[in-house]
Amino acid sequence: MARLRTGFITDGYGVELLHKPSGGKMFGVLVVRAPDGAVGVLHGFSGQLGWDWEVPGFVPPLFDLPARLKAEAASDAAVHALTAELEALAKSPDWADAKRALEAFDARVAREKVELQLELKERQLRRNTARSEGADARALDLESRADTKLGRERNAAWKEERVALVAQVDDFDRQHATLTASRAQASRDAMTAIFDTYRLRNRAGVERSLRALFGGAAPPWGTADCAGPKLIGHALSVGLEPIALAEFWWGPPPPAGGRVEGAFYPPCVERCGVVLPFLLATR
């Protein structure tokens, strides 16, 4: 904390990194004991410092960095390609034309239906008047049936025309839905590939994948990237015994609030509450 107050984090990294939007973060210090009994400390931070996962003077992340970068590159390529397809589809003049054609048809038919209803109603009123004046009832009935047939035929024609227009719009909608689902699946696949780069070994020497700790489900994003798990996981991986852990916040509060610079906080329940019990287990 005294070092951070001087504006210095470590070589090449100043505290101005922490004062950018959403730049504040948790730092951790872990007291450890070496096999020969010597006591020392390890330093860690949550997530990345700037854009870096590995920073001199701090413990590394708990994943295979080259494997993660490879997974992220493959994910970015797949997601960006699908995003480009979605953007191109959204700008498609054919899709826009199809939607405009359907909208114009619906507006036209709405007017024509009103006009037809008025025309048929007027004819019905004329027939009613004619009947009251003793006109040929059979002829008037034939005219009434003809009007009914006309209404059915016009409705059938409108329906048939609309089905064709809707089919054109639906085709683009299906393409969009398919691309959207494909992009979502690509993102889920990427998260799975990234989570699978984490390998955690506990005090008993038992190794687990990150997803295995969550029953095979996708963990919350950022799991095992907090300062505490990184510190304890690294200590165990190099044969050091964790003795005591302190984690504190430095920088402006996060957007949701709840953090004060220089204040100590316990590990989070949602992520660390699953990872730390495994790391500290002795069997």
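The values are calculated or read from the model by the stated rules, or taken from the named source; none is laboratory data. Everything quoted here is computed from the prediction, not taken from an experiment. We place every Cβ from the backbone using ideal geometry, glycine too, and count neighbours over all the protein chains shown.
Those residues that are out of contact with any Ser or Thr (no Cβ under 6 Å at 6 or more places or on another chain) and either exposed (fewer than 11 other Cβ atoms within 10 Å of the Cβ) or not small (Gly, Ala, Ser) (or both), I need them from the stretch 23-39; list them, please. Outline the logic, then answer.
We begin by selecting, within the stretch 23-39, every residue out of contact with any Ser or Thr (no Cβ under 6 Å at 6 or more places or on another chain); these are 23-24, 27-39.
Result: PHE27, VAL29, LEU30, VAL31, VAL32, ARG33, PRO35, ASP36, GLY37, ALA38, VAL39.
For the stretch 211-232, a tally of residues being outside any loop (DSSP other than H, G, I, E, B) and either surrounded by 22 or more Cβ atoms within 10 Å (Cβ to Cβ) or under 19 Å from the mean Cα position of the chain (by Cα) (or both) returns 7. Starting from residues that are surrounded by 16 or more Cβ atoms within 10 Å (Cβ to Cβ) and among the hydrophobic types (A, V, I, L, M, F, W, C), keep the ones in the stretch 247-277 and report whichever is nearest to THR6 (Cα to Cα). Checking each candidate, the answer is TRP250. If the condition is being farther than 21 Å from VAL39 by Cβ and among the aromatic types (Phe, Trp, Tyr), then the stretch 226-283 contributes TRP249, TRP250, TYR265, PHE278. Quick check on this structure: which one of ASP76, ASP36, ASP106, ASP97 is acidic (Asp, Glu), outside any loop (DSSP other than H, G, I, E, B) and over 34 Å from the mean Cα position of the chain (by Cα)? The unique qualifying residue is ASP106.
Kindly evaluate GLY239 against the criterion of being over 25 Å from VAL55 (Cα atoms) and either acidic (Asp, Glu) or assigned to a loop (DSSP other than H, G, I, E, B) (or both). First the steps, then the outcome.
On the way: over 25 Å from VAL55 (Cα atoms): no; either acidic (Asp, Glu) or assigned to a loop (DSSP other than H, G, I, E, B) (or both): yes.
So GLY239 does not fit the description; no.
In the stretch 81-105, of all residues being acidic (Asp, Glu) and surrounded by fewer than 14 Cβ atoms within 10 Å (Cβ to Cβ), the one that is farthest from VAL169 (Cα to Cα) corresponds to GLU87. Kindly indicate whether any position in the stretch 187-194 is of a type in the set (S, T, N, Q) and surrounded by fewer than 11 Cβ atoms within 10 Å (Cβ to Cβ). There is no residue in the stretch 187-194 that is of a type in the set (S, T, N, Q) and surrounded by fewer than 11 Cβ atoms within 10 Å (Cβ to Cβ). Residue under question is GLY44, and the condition is that it be farther than 14 Å from LYS230 by Cβ, surrounded by 14 or more Cβ atoms within 10 Å (Cβ to Cβ) and in contact with a Lys or Arg (Cβ under 7 Å, 6 or more places away or on another chain); does it hold? Judged against the criteria, GLY44 is not a match.
Restricting the first member to the stretch 134-146 and to residues that are closer than 14 Å to GLN124 by Cβ, and the second to residues that are surrounded by 11 or more Cβ atoms within 10 Å (Cβ to Cβ) and not hydrophobic (A, V, I, L, M, F, W, C), the beta-carbon pairs closer than 7 Å and six or more apart or on different chains are LEU140/ARG127; LEU140/ARG131; GLU143/ARG127; SER144/ARG127.
How many residues does the stretch 168-204 hold that are of a type in the set (A, V, I, L, M), touching a helix residue (DSSP H, G or I) at 6+ places or on another chain (Cβ under 8 Å) and not in a helix (DSSP H, G or I)? Total satisfying the criteria: 1. Looking at LEU42, LEU30, LEU18, which one is modelled with pLDDT under 95, not aromatic (Phe, Trp, Tyr) and not in a loop (DSSP other than H, G, I, E, B)? Among LEU42, LEU30, LEU18, only LEU18 is modelled with pLDDT under 95, not aromatic (Phe, Trp, Tyr) and not in a loop (DSSP other than H, G, I, E, B). Filtering THR223, THR178, THR192 for residues that are assigned by TED's automatic domain parsing to the domain that holds ALA38 and hydroxyl-bearing (Ser, Thr, Tyr) leaves a single hit, THR223.
If I filter the stretch 69-77 for residues that are touching a residue at least 40 places away in the same chain (Cβ under 8 Å), in contact with a helix residue (DSSP H, G or I) (Cβ under 8 Å, 6 or more places away or on another chain) and buried (at least 17 other Cβ atoms within 10 Å of the Cβ), do I get at least one hit? Scanning the stretch 69-77, I find at least one residue that is touching a residue at least 40 places away in the same chain (Cβ under 8 Å), in contact with a helix residue (DSSP H, G or I) (Cβ under 8 Å, 6 or more places away or on another chain) and buried (at least 17 other Cβ atoms within 10 Å of the Cβ), so the answer is yes.
Listed conditions (1) hydrophobic (A, V, I, L, M, F, W, C); (2) at pLDDT 95 or above; (3) closer than 30 Å to GLY228 by Cβ are all met by ALA107, apart from (3).
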